[in-house]
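Values in this text are rule-based calculations from the coordinates and carry no lab data. Keep in mind that this is a model prediction, so the values were computed, not measured. Neighbour counts are summed over all protein chains in view; Cβ atoms, including those assigned to glycine, are modelled from backbone coordinates with ideal geometry.
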Amino acid sequence: MTRQMSNSFIQNRIWLLFAIPLLFAAFAANANSYSIPADTLYRRVPGMLTPNGPYRPERTLKNDIQYTRLDVKFDWQRQQMPATAIIKFSPHFYPQNTLELDAKGFEVKEVVQLDSLSDYGSATLAEINKLVLKKLEYTYDKRKLIIKLGRDYTKNDHVFVRITYTAKPNDIPRDQPGDHPIDKGLYFINADGMDENKPKQIWTHGETDGSSCWFPTIDAPNQRFTQDIYMTVDSSYKTLSNGILVAQEEDKKGMRTDHWKQSLPHAPYLVMMAVGNFAVAKDMMPNGLELSYYVEPKYGADAHAIFGRTPEMIGFFSNIFGVSFPWEKYAQIAVRDFVAGAMENTTATTHEEGVQNDSRSLIDGNSDGVIAHELAHQWFGDYVTCEEWGQLPLNESFANYAEYLWSEYNDGKNEADWQNLSEMKQYLGEAETKQEPMIRYFYKDAENMFDSHSYAKGGRILHMLRNLTGDAAFFASLQHYLRTNAWGTVEIDNLRMSFEKITGQDLNWFFDQWFHRPGHPQIKVEQQYLNNKVVLKIKQTQDTLAATIYRLPLKIDVWVGGKKSRYDVVVDKANQTLEFPATKKPDLVLFDAESQLLGTIEHQKPNSEMVFQYKNSGTFLAKYEALAQLEGKLADTTVRGVLVKAMTDPFWKLRQMAISNFAEYDGQGFVDIEKVIQDRARVDPHPQVRSEAIITLASYGDNNSDSIYRQALEDSSYQVVSVAIEKYLMGQPSDAKEVAQKFEDSPNDAIVTSVGNYYAGLAEPERYQWFLEKMKPMKPTDKYNFLQVFGKFLIKSKQDVQRQSIPVLEGLARENPAYFVRFGAFQVLGLLTDIQGVTALRKDIRAKETEPKLKEMYSQFEF
């Protein structure tokens, strides 16, 4: 699963009226990812970590479910699902006389035992009714359904039971630790059809234990079964589920029953359904299997632009993983109000609505990262599944690193390394308040596993493992791991043993320090030149009582007289001295020359070395480090010259960094520097660089670039246009109102937000309804951004307008499905506390909020 926001959240500028560091700790700066606010599970005690949570073993296997058939209908008005479930199971090893199933919030009507049938998937309900052997007694407490079988069965027996029930996702009990009010498993979206800006949809979400909210099962990742799902829906709707659509049967009442068959076994949390009005675009995998993309009708023409790299991704991953795509088909669907970034249901990934963009929006960035992430799960997670949620990195770290692998293949190593750096920053940000072992045997709640450790840190650990073993051995080991554990469950030692089998090396040290211990190395390097030697004094400064002394194989580059010598070293002591020959003082010493280490390195270097590093290192990460260290040093002529040169670097991120250094610059050579930046604003091939150039030019406060802003209003990039509108209108030109009117109905929300920022400054009361109408259909991330300019408008408005807005903001703060939109509305209400009753209203909103992430944010506020 991807705990992510869409690309638009990063690509669109965020309009902030006040600092909200906690929120943006939750939305990390990676181009698609955000992490869950920290919930530290371990108390630090000298010399050890004390677990603060129960031991979480793999679920004991009393019975094994081999097959499930579901026949479901949907009651939109009540938001319920009348259904029957047929379950085939056998005792795992020991004889059993009961079957214990997870079943949350159901109304159970009947449980019967059925006679054996070779193919329940194709049987009619009438035929199944003839197979009833007897009614079975059961107990049910709204969580567990315990069926009494009447006698002992052995592992050689196959038992069939049918359960008639109604799933009631809004009635799930919430009285136990770890219960999350938003986790329903089955979601009805706009069920009454009253929201004209939102389609009616039904979808499911199973991870971690949401599947048992809509069908009875053993809701643990170490179960596997095949399935048939019969969905009866209005014939105007399309459906999607796991496996292949094998039949559709219309009736005379305008209803249709779709039969979806999953013939290969998978875990319960990967079972899915979706219902709604979708446009479906078809494609084909390299091996000829079906590939489809489900989007809202208005994005039908853009479906291939959104998802069109999927066939090539499948071929790429099949090749490097050494296992052809293992399932019967692959579909991707975008739904409204999804509770995660995306979910890797077997053969049918669900995406949140932000993945949908028109073709012009995709100029500013696509969703290939999340698409690659979920696709990789079809191997790592679905084909081979972690046995328990404490082993989640075996799913998520691989999916995370697959984003890097695809980017490296498709976009080049620079782009992949920029993503790699962003991911590491995300983990390091989380590590300031939370440091856990990657593999966790003790935790309070499985949701705690879905953090930047399991994702970002895990992907970086795999990158180090690849660097350590070499590409050939790394990918051969992955192939061995997948083939050895196909259709099964795994723990971390399965991965270690595959790598040891292929490489012939003992890698227990690597897995122990990176997967079983918390933290990361923090390296301090002191450099000297003595007696024709470069002397590096290296100290590991991390808390070695809580973490460990790391063993770090890495490379060090020493440049002397313009020539590079590379040395392989192992840093494995708390304090260590390394010496390298040098006939004169080195031009540069590059510690961890391959920039592969997950951790922090403090290595002070003079400007001259950083200038040399940028010019000669040749890798993105080393050049990035050099530019970052040279930031703010424009008074140095040499540094300034390097930054000017970097504005035309081959890689866009370095150009952007260099340009940003010249914001508000008014020093030597200003005229020539401004001309270079103007040139970047006009012709740079990357929209991020053009946008940065416009922002930098606007910081000069002159009128020299008005024509550039005007020209940028016609740019192919929505992002560039939105920045240009803001900067152009900021100068209050004579045609400001005409320009604003031209773009106020743009299909792009970032552009509308830029116009809104202009209107907010005018604070014209008649614009109040415009703000409301524009906000209604926006995607959640765009709505959050727009709320900030709406707040600016309200601050400048009279109290009668402010009072009008309070019920609107209250509704958003209490009821919007996206918790960050609720937070945004809560923020804006905070600007209106001069109005009587608003402070009390905010206190009540905070007290009644149930989302754990948002409750944590609210805890930072004082009233």
Inter-label distance for Ala628 and Asn287, nm, one decimal - labels placed 7 Å from Cα along Cα-to-Cβ: 4.1 nm
Listed peptides 285-292, 320-327 by packing density, highest first (mean Cβ within 10 Å): 320-327, 285-292
Stretchable slack from Gln528 to Ala763, in nm (0.36 nm times residue separation minus alpha-carbon distance): 78.5 nm
In nm, spacing of pseudo-spin labels at Asp175 and Glu602 (7 Å Cα→C-beta vector): 5.3 nm
Potential extension, Asp75-Ala486 segment - 0.36 nm per residue separation minus Cα distance: 144.1 nm
Extended-chain gain in nm, criterion 0.36 nm per residue less alpha-carbon gap, Asp636 and Asp706: 22.2 nm
Fraction of beta bridges assigned by DSSP in the chain that are antiparallel (%, nearest 5): 80 percent
Sequence ranges 62-71, 568-577, ranked by mean other-Cβ count within 10 angstrom, highest first: 62-71, 568-577
Distance in nm between pseudo-label sites at Leu133 and Thr164 (7 Å out along the Cβ direction from Cα): 2.0 nm
Förster radius 60 Å - calculated FRET efficiency between Val246 and Tyr441, Cβ distance, rounded to 0.05: 0.90
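So, counting K/R as plus one and D/E as minus one, what does the shell of residues with Cβ under 13 Å around Leu832 add up to?
That sum, taken over residues with Cβ under 13 Å, equals +2.
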Rounded to 10°, Cα long-axis angle of helix 492-503 versus longest principal axis of the chain: 60 degrees
q = 0.13, 0.18 Å⁻¹: log10 I(q)/I(0) that the Debye formula gives for the stretch 522-597, counting C-alpha atoms only: -0.39, -0.71
Sorted peptide list for 581-589, 381-389, 260-268, criterion being average Cβ within 10 angstrom, highest first: 381-389, 260-268, 581-589
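Quick check on the chain: helices-only [θ] at 222 nm, where DSSP H runs of length 4 and up contribute -39,500 (n - 2.57) each and the sum goes over total residues. Nearest 500, please.
Rounded to the nearest 500, the figure is -10500 deg cm²/dmol.
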Note, ³J(HN,Hα) from phi for the stretch 114-121, Karplus 6.51, -1.76, 1.60, rounded to Hz, x at Gly and Pro: 10, 6, 5, 9, 5, 9, 6, x
